[in-house]
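The values are calculated or read from the model by the stated rules, or taken from the named source; none is laboratory data. Bear in mind that the values here come from a model prediction, so they are computed numbers and not experimental data. Keep in mind that these areas ignore ligands, DNA and RNA; they rest on the heavy atoms of the full protein, side chains included. Shrake-Rupley method; radii C 1.70, N 1.55, O 1.52, S 1.80 Å.
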Amino acid sequence: MHPTHPTIDQALIPQTEVCKAIGQTRSGLDKLRKKDPTFPKPIKFGASRQAAVYYVIAELNAWLAAKIKERDAE
């Protein structure tokens, strides 16, 4: 029996990689999240401040596609 693998829609990316991908520092990402309520919410593994933070890749792609569509509509 093969283990179940998450689909690509459920794949996660660490916060550090999100920062690199969108060209923001961690504090810049925090400001973006506060300023833009449509930005995807992170998934945190643990209750401590140091717990790892991840984002769902499909949600980030959908957010980016919406931003591009919004830009092109202008």
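Quick notes on this structure:
- Counted residues, the stretch 32-74 - those being hydrophobic (A, V, I, L, M, F, W, C) and open to solvent by 100 Å² or more (accessible area, probe 1.4 Å): 2
- Residues of the stretch 24-43 satisfying the condition of being of a type in the set (Asp, Glu) and part of a helix (DSSP H, G or I): 30
- Filtered by the rule that a residue be part of a strand (DSSP E or B) and small (Gly, Ala, Ser), the stretch 44-72 gives a lone residue, 52.
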